[in-house]
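*Asks:* Below are the structure tokens for one structure; questions will follow.
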Amino acid sequence: MGLIRSDAVAVKVGAAVILLLALVSSSSSQSNLAVEADNPAHFMTAHGRRAWAGGYANGGMEVWAGALQIASDVHAEFRRAGDATVIAGNKIASSIEVAPAYISRTYNGPDFSVTEQISVPLDERAVLFHYTVRSARPVQVLVRFDPSLNLMWPAALGGQEIGWDKRSGYLLTDAGRQFAAIVLAPGATAHDEPLNRTREPQDGEFAIALDPQTPQVLFAEVNVHPRERELDISAAERLLQSSSTWQEQDAKHYRDALASDVEFETPDAQLNRALAWAEIALDQNWFCNDALGCGYVGGYGPSRRNRRPQYAWFFSGDGMVALHGALAAGDLDHARDEIRFIAKYQDPQSGMIWHELTQSAPYLDWRGKYPYMFVHADLTYPYISAVADYIRASNDRAFLQEIWPSVQKAFAYGRSLVDADGLPKIPEGKEGANEQNPLREELGLSAGWVEACGDYAHLAELMGQSESAREAHELVSKARENFAQRYWDRERNFAIQGYQRNGEKTLARGLGAISAINEGLFSGAQSAHVLDQIASWRFQSDWGTRSVAVGEPGYDPTGYAHGSVWGISTSDVAQAYWAAHRPDIAWQVWRTLIPWSSLDSLGHMDEVLAGDTYNPQVESVPEQSWSSMAFLATAVRGLFGLEIDAEKNSLTLATHLPPDWNYASLRRVKIGNATLDFTFHQSLNALTLSVGNRGDPVRVLYRPEIPLGARAVTATVGGHKSAVRVETNAEDQHAVLGFTAPHGDFEITIRYQDGIGIVMQAPQTSLGQPSSAMKLTSVVLEGVTLKLGVDEEPGRDNEFEIQTQRSIRSSDHVRVQRLGPDRYSLKVEPSGRTDGDPYEHREITIMFSE
């Protein structure tokens, strides 16, 4: 495992040991992060704004500068002095390190080690590979690669040429001299000459023996003079000479980014790391294309036999998820600029929002000859809502004036999809969210229309267009009137996900109902019934929520969208449970995502995992932006319950701290001219909030969850008694009070007694293994009787804890052991069942003394 530094936290993840090198100050402010693993079979990416390099650590890297792939299969080889044999780096790769500003691989030879560091100047089209050799005798470093100089799919160049330049580098050009790149290695002692070959080389076409004194090589796009077609490599030479300077600047950029975003601290070190890296991923996914502009890309992954590096181009849907991550992090500038970027490519005639935009779009007729840009009818509604969400968070009225014509066009397109029943239909030739089985009607699309109508009405009112707002409200009313009738299956007692082109309803139980529940489109009983089912083992795995329930028609645990586990959907489900006042289930669902940040691309999250075993699904992208961004946004909106209304200079703080947490903090929350820090200290009988406000006063509605069944609730604000209201729901309780947070520091303390906290064990995920952890499906307290629904795997030790000052008088189906004056361990009694489904539902009853 190697040396653990004094500032490191070790976390066991499968077979690999992840070292979290978090430099933490006395205030626990994370200023730097690096992650190490002794398993080199991870995907890794070095990120820049205009270039990047990525690949699996035990293989070769591909190098990209915007739309241009410079090289692929870049990898190192080593030759010891006096040896004829070359040692392939992928055979001796031993460990990796991933930091915000660089990635590195360490190679251990028989009597030497070499560290390769790959870094990208933040705003340049270049990638640097630098090698540090540790050996008693000389070791020659060779870098082998396949030259590409080709555009991202589906654009392409022809007639690529390569030649050795006298300044120690390969020059790559196309026949028309439109594009050029250099592989620059000053002081190289040897290189392969270009040859006409009858057979393709097996392991990289070209190799450079690097300068033994400074073994490094820079891959860079080269500017081509538009008239003379001359190449200018001076910029690449300057980048190589100034590498230490821009590397320091890159590191500072990420420190500054983390220091300006919302900061989280909890007792869970792995969660803290995952949230910090989600904010890093947010920054790393901001990419600039010289011809298209800057926006959030969908993610990063290998090209897989063609020149499409997974999602490393622009998707409006992914961008809207990312901008909500930016709003959660307090990065209003990038959220606003992402809306501008999406609006820039809106269809000017129809108002439809586009789906995807390749980096190579400027070099081909992307909109005319290819069917991908305006194929999704489901993206225009969330665009309207994204604008409204940004305005609520920023109160940026000048931007609303600027973007309003685009919003009006989007709403006009959205209204054109609506049928006589007030609900939208997907036109022929277009798709909704379901790409694998295109439908005529989708539950999620209709729910999105209701949300978009409400948001459009709000924006119209801000713009002083009361008639437009009134019309939008009327459209909302009509859609609500017919929604449940259209999308509730009375026979199966579940939501209908959609209707096929032939009019037949879909049969599989899926997650589409979550969006309808969020908008209150089903009755309370219907929503509760859906949430009960989604909480069950048929939907819930130890690593997240399946897209389709086990046993449903078409369920396929390895299918991309028919039973696999999506990070974004799991976050959405958790958010729905928090909103429905079912916090124990919400926390149980959401925390399954924490291990995702160390599963494949360290610090980042996969797109989708298999539904039957803990593994990335075969099509999954290892760095998927919307998985990390949804995880981040749900931490803010669900776990901490933060909702900002900058229009009214107020915020809501409805925290849901797990009962076994004794503290948490949410710092650098920005609203208007104020920046607030919130620190929570939680005990069995009290919750204290310390507020620090560096700015103007802000009105706060404080609605923290307190333990279920808590009694004798009192509050003090700034040391003075304050009125407090208790809001009791079926599965949780909240204390509710309002106050104005003045400039400076002060405290709010809520005291109570006899509350009950349920602590479920976190699943222990292991690669290739199926689900086995117990699932909590319902929590109800009736007087002194606590009723829990659980799905448990028979034959396992299924245990949980209860924290309370109350005494347990009796129980059904569990054995109770008292661990202390306020802690109990409860073990589910075996049912005796030996066959059937892998899980069994049990109803547990616990009686407390009065």
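The values are calculated or read from the model by the stated rules, or taken from the named source; none is laboratory data. Because the structure is predicted, anything quoted here is derived from the model rather than measured. Note that each Cβ is placed from the backbone with ideal geometry, even for glycine, and that neighbours are counted across all protein chains shown. What goes into the accessible areas is simple: the full protein's heavy atoms, side chains included, and nothing from ligands, DNA or RNA. Shrake-Rupley method; radii C 1.70, N 1.55, O 1.52, S 1.80 Å.
*Asks:* Would you point out the residue of segment 810-824, among those that are within 19 Å of Leu708 (Cα to Cα) and surrounded by fewer than 13 Cβ atoms within 10 Å (Cβ to Cβ), that is nearest to the chain's Cα centre (by Cα)? Write out each step before concluding.
*Replies:* Step one: list which residues in segment 810-824 are within 19 Å of Leu708 (Cα to Cα), which gives 810-811, 821-824.
Now restrict to residues that are surrounded by fewer than 13 Cβ atoms within 10 Å (Cβ to Cβ): 810, 821.
Details: Ser810: 44, Pro821: 41 Å.
Applying the filter and picking the extreme gives Pro821.
*Asks:* Further question on the same structure: Pairs please, first residue from segment 709-733 and over 17 Å from Phe746 (Cβ atoms), second anywhere and assigned to a strand (DSSP E or B) and open to solvent by 70 Å² or more (accessible area, probe 1.4 Å), Cβ atoms under 6 Å, 6+ apart in sequence or on different chains.
*Replies:* As it stands, the answer is Arg711/Gln753; Ala712/Gln753; Thr714/Arg751, since those pairs meet every condition given.
*Asks:* Any residue at all in segment 64-86 that is open to solvent by 20 Å² or more (accessible area, probe 1.4 Å), of a type in the set (Asp, Glu) and part of a strand (DSSP E or B)?
*Replies:* The answer is yes, given that some residue of segment 64-86 is open to solvent by 20 Å² or more (accessible area, probe 1.4 Å), of a type in the set (Asp, Glu) and part of a strand (DSSP E or B).
*Asks:* Keeping to segment 341-368, report how many residues are of a type outside the set (Asp, Glu), under 20 Å from Asn289 (Cβ atoms) and either open to solvent by less than 30 Å² (accessible area, probe 1.4 Å) or in contact with a Pro (Cβ under 9 Å, 6 or more places away or on another chain) (or both).
*Replies:* So in segment 341-368, the residues of a type outside the set (Asp, Glu) come out as 341-346, 348-355, 357-364, 366-368.
Now narrow it down to the ones that are under 20 Å from Asn289 (Cβ atoms): 341-346, 353-355, 357-364, 366-368.
If we keep only those that are either open to solvent by less than 30 Å² (accessible area, probe 1.4 Å) or in contact with a Pro (Cβ under 9 Å, 6 or more places away or on another chain) (or both) too, we end up with 341-343, 346, 353-355, 357-361, 364, 366.
Number of matching residues: 14.
*Asks:* Further question: Kindly evaluate Tyr383 against the criterion of being open to solvent by less than 10 Å² (accessible area, probe 1.4 Å) and touching a Leu at 6+ places or on another chain (Cβ under 7 Å). Don't jump to the end; show me each part of the working.
*Replies:* Numbers: open to solvent by less than 10 Å² (accessible area, probe 1.4 Å): yes; touching a Leu at 6+ places or on another chain (Cβ under 7 Å): no.
No: the conditions fail for Tyr383.
*Asks:* Still on this structure: Name, by its number, the condition in (1) touching a strand residue (DSSP E or B) at 6+ places or on another chain (Cβ under 6 Å); (2) at pLDDT below 95 that does not hold for Ala181.
*Replies:* (2)
*Asks:* Further question: Determine if segment 768-789 includes at least one residue that is farther than 20 Å from Gln588 by Cα and free of Cβ contacts under 8 Å to residues at least 40 places away in the same chain. Before you say what the answer is, go through the steps one by one.
*Replies:* Filtering segment 768-789 down to residues farther than 20 Å from Gln588 by Cα leaves 768, 782-785.
Filter again for free of Cβ contacts under 8 Å to residues at least 40 places away in the same chain, leaving 782-783.
Yes, segment 768-789 has at least one match.
*Asks:* In this structure, does Thr765 turn out to be surrounded by 15 or more Cβ atoms within 10 Å (Cβ to Cβ), assigned to a strand (DSSP E or B) and among the hydroxyl-bearing types (Ser, Thr, Tyr)? Don't jump to the end; show me each part of the working.
*Replies:* Values: surrounded by 15 or more Cβ atoms within 10 Å (Cβ to Cβ): yes; assigned to a strand (DSSP E or B): no; among the hydroxyl-bearing types (Ser, Thr, Tyr): yes.
Criteria not met by Thr765.
Residue-by-condition table, conditions (1) touching a Leu at 6+ places or on another chain (Cβ under 9 Å); (2) in a loop (DSSP other than H, G, I, E, B); (3) modelled with pLDDT under 95:
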residue: Leu275; (1), (2), (3): yes, no, no
residue: Glu279; (1), (2), (3): yes, no, no
residue: Asp283; (1), (2), (3): yes, no, no
residue: Ala291; (1), (2), (3): no, yes, no
residue: Ala312; (1), (2), (3): no, yes, no
residue: Gly317; (1), (2), (3): yes, no, no
residue: Gln346; (1), (2), (3): no, yes, no
residue: Met352; (1), (2), (3): yes, yes, no
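*Asks:* Moving to a separate point now. Working carefully through the options Pro770, Pro707, find the one that is over 23 Å from Arg546 (Cα atoms) and modelled with pLDDT of 95 or more.
*Replies:* Numbers: Pro770 fails: over 23 Å from Arg546 (Cα atoms).
Step by step, each of Pro770, Pro707 is checked, and only Pro707 is over 23 Å from Arg546 (Cα atoms) and modelled with pLDDT of 95 or more.
*Asks:* While we're looking at this one, here's another question. Has segment 554-577 got at least one residue that is within 20 Å of Glu705 (Cβ to Cβ), surrounded by 24 or more Cβ atoms within 10 Å (Cβ to Cβ) and among the aromatic types (Phe, Trp, Tyr)?
*Replies:* Yes, segment 554-577 contains a residue that is within 20 Å of Glu705 (Cβ to Cβ), surrounded by 24 or more Cβ atoms within 10 Å (Cβ to Cβ) and among the aromatic types (Phe, Trp, Tyr).
*Asks:* Scan Ala479, Ala528, Ala472, Ala460 and give me the residue that is within 26 Å of Trp566 (Cα to Cα) and either among the hydrophobic types (A, V, I, L, M, F, W, C) or surrounded by 23 or more Cβ atoms within 10 Å (Cβ to Cβ) (or both). Steps first, please.
*Replies:* On the way: Ala479 fails: within 26 Å of Trp566 (Cα to Cα); Ala472 fails: within 26 Å of Trp566 (Cα to Cα); Ala460 fails: within 26 Å of Trp566 (Cα to Cα).
The match here is Ala528.
*Asks:* Any idea which residue in segment 785-804 is farthest from the chain's Cα centre (by Cα), counting only those that are surrounded by 15 or more Cβ atoms within 10 Å (Cβ to Cβ) and assigned to a loop (DSSP other than H, G, I, E, B)? Steps first, answer last, please.
*Replies:* At the first step, the residues of segment 785-804 found to be surrounded by 15 or more Cβ atoms within 10 Å (Cβ to Cβ) are 786, 788-794, 798-804.
When the remaining residues are screened for being assigned to a loop (DSSP other than H, G, I, E, B), the result is 793-794, 798.
Values: Glu793: 30, Pro794: 34, Asn798: 31 Å.
So, considering only residues that are surrounded by 15 or more Cβ atoms within 10 Å (Cβ to Cβ) and assigned to a loop (DSSP other than H, G, I, E, B), the one farthest from the chain's Cα centre (by Cα) is Pro794.
*Asks:* Checking the condition in contact with a Leu (Cβ under 9 Å, 6 or more places away or on another chain) and among the hydrophobic types (A, V, I, L, M, F, W, C), which residue from Ala34, Ala57 passes? So that I can check it myself, show each step before the final result.
*Replies:* Values: Ala57 fails: in contact with a Leu (Cβ under 9 Å, 6 or more places away or on another chain).
Answer to the selection: Ala34.
*Asks:* Step by step: first the residues of segment 119-148, then only those that are in a loop (DSSP other than H, G, I, E, B) and free of Cβ contacts under 8 Å to residues at least 60 places away in the same chain, then the one that is least open to solvent (accessible area, probe 1.4 Å). Which residue is that?
*Replies:* Step one: of segment 119-148, the residues in a loop (DSSP other than H, G, I, E, B) are 120-125, 136-138.
Next, from what is left, pick out any that are free of Cβ contacts under 8 Å to residues at least 60 places away in the same chain: 136-137.
Values: Ala136: 111, Arg137: 89 Å².
The extreme case among them is Arg137.
*Asks:* Hey, among Leu400, Leu439, which residue is among the hydrophobic types (A, V, I, L, M, F, W, C) and over 18 Å from Ser468 (Cβ atoms)?
*Replies:* Values: Leu400 fails: over 18 Å from Ser468 (Cβ atoms).
Only one candidate passes the filter, namely Leu439.
*Asks:* Same structure, new question: Determine if segment 485-504 includes at least one residue that is over 29 Å from Val780 (Cα atoms) and in a helix (DSSP H, G or I).
*Replies:* yes
*Asks:* List pairs: first residue in segment 149-168 and within 28 Å of Tyr370 (Cβ to Cβ) and open to solvent by 50 Å² or more (accessible area, probe 1.4 Å), second residue in a loop (DSSP other than H, G, I, E, B) and modelled with pLDDT under 95 anywhere in the structure, Cβ distance under 6 angstrom, at least six positions apart or on different chains.
*Replies:* Final answer for the pair search is Trp153/Asn306; Trp153/Arg307; Trp153/Arg308; Gln160/Asp174.
*Asks:* Those residues that are open to solvent by less than 50 Å² (accessible area, probe 1.4 Å), in a strand (DSSP E or B) and touching a residue at least 60 places away in the same chain (Cβ under 8 Å), I need them from segment 89-118; list them, please.
*Replies:* Start the filter on segment 89-118 by keeping residues that are open to solvent by less than 50 Å² (accessible area, probe 1.4 Å), which leaves 89, 92-101, 103-107, 109, 112-116, 118.
Add one more test, that the residue is in a strand (DSSP E or B), and what stays is 93-99, 103-107, 112-116, 118.
If the condition is that a residue be open to solvent by less than 50 Å² (accessible area, probe 1.4 Å), in a strand (DSSP E or B) and touching a residue at least 60 places away in the same chain (Cβ under 8 Å), then Ser95, Ile96, Glu97, Val98, Ala99, Arg105, Ile118 are the ones that fit.
*Asks:* While we're on this one: Output the residue which, of all residues in segment 438-452 that are modelled with pLDDT of 95 or more and farther than 18 Å from Gln485 by Cβ, is surrounded by the fewest Cβ atoms within 10 Å (Cβ to Cβ). So that I can check it myself, show each step before the final result.
*Replies:* Residues of segment 438-452 that are modelled with pLDDT of 95 or more, as a first pass: 440-452.
Narrowing further to those that are farther than 18 Å from Gln485 by Cβ: 448, 451-452.
Details: Gly448: 26, Glu451: 19, Ala452: 28.
My answer is Glu451.
*Asks:* In addition: Any residue at all in segment 364-380 that's in a helix (DSSP H, G or I) and closer than 26 Å to Ala447 by Cα?
*Replies:* To start, the set of residues in segment 364-380 that are in a helix (DSSP H, G or I) comprises 366-369, 380.
Restricting the remaining residues to those that are closer than 26 Å to Ala447 by Cα gives 380.
Checking segment 364-380: at least one residue is in a helix (DSSP H, G or I) and closer than 26 Å to Ala447 by Cα.
*Asks:* Would you confirm, using the coordinates I've provided, whether Gly293 is surrounded by 23 or more Cβ atoms within 10 Å (Cβ to Cβ) and out of contact with any strand residue (DSSP E or B) (no Cβ under 6 Å at 6 or more places or on another chain)? Outline the logic, then answer.
*Replies:* Working: surrounded by 23 or more Cβ atoms within 10 Å (Cβ to Cβ): no; out of contact with any strand residue (DSSP E or B) (no Cβ under 6 Å at 6 or more places or on another chain): yes.
Taking the combined requirement at face value, the residue does not satisfy it.
*Asks:* When you look at Gly299, is it open to solvent by less than 10 Å² (accessible area, probe 1.4 Å) and without any contact (Cβ under 8 Å) to a residue 40 or more places away in the chain, yes or no?
*Replies:* Numbers: open to solvent by less than 10 Å² (accessible area, probe 1.4 Å): yes; without any contact (Cβ under 8 Å) to a residue 40 or more places away in the chain: no.
Considered against the rule, which asks whether it is open to solvent by less than 10 Å² (accessible area, probe 1.4 Å) and without any contact (Cβ under 8 Å) to a residue 40 or more places away in the chain, Gly299 comes out as no.
*Asks:* Condition first: more than 18 Å from Ile384 (Cα to Cα) and over 28 Å from the mean Cα position of the chain (by Cα). Can you find one or more residues in segment 429-436 that meet it? It would help to see each step written out before you state the result.
*Replies:* Taking segment 429-436 first, the residues more than 18 Å from Ile384 (Cα to Cα) are 429-431, 434-436.
Applying the additional criterion that residues be over 28 Å from the mean Cα position of the chain (by Cα) yields 429.
Yes: segment 429-436 contains one or more residues that are more than 18 Å from Ile384 (Cα to Cα) and over 28 Å from the mean Cα position of the chain (by Cα).
*Asks:* Kindly indicate whether any position in segment 412-434 is assigned to a helix (DSSP H, G or I) and open to solvent by less than 10 Å² (accessible area, probe 1.4 Å).
*Replies:* To start, the set of residues in segment 412-434 that are assigned to a helix (DSSP H, G or I) comprises 412-416.
Remaining after also requiring open to solvent by less than 10 Å² (accessible area, probe 1.4 Å): 414.
Yes - at least one qualifying residue is present in segment 412-434.
*Asks:* With the checklist (1) modelled with pLDDT of 95 or more; (2) open to solvent by 10 Å² or more (accessible area, probe 1.4 Å); (3) not charged (D, E, K, R) in hand, flag the one item Ala516 doesn't pass.
*Replies:* Against the list (1) modelled with pLDDT of 95 or more; (2) open to solvent by 10 Å² or more (accessible area, probe 1.4 Å); (3) not charged (D, E, K, R), Ala516 comes up short only on (2).
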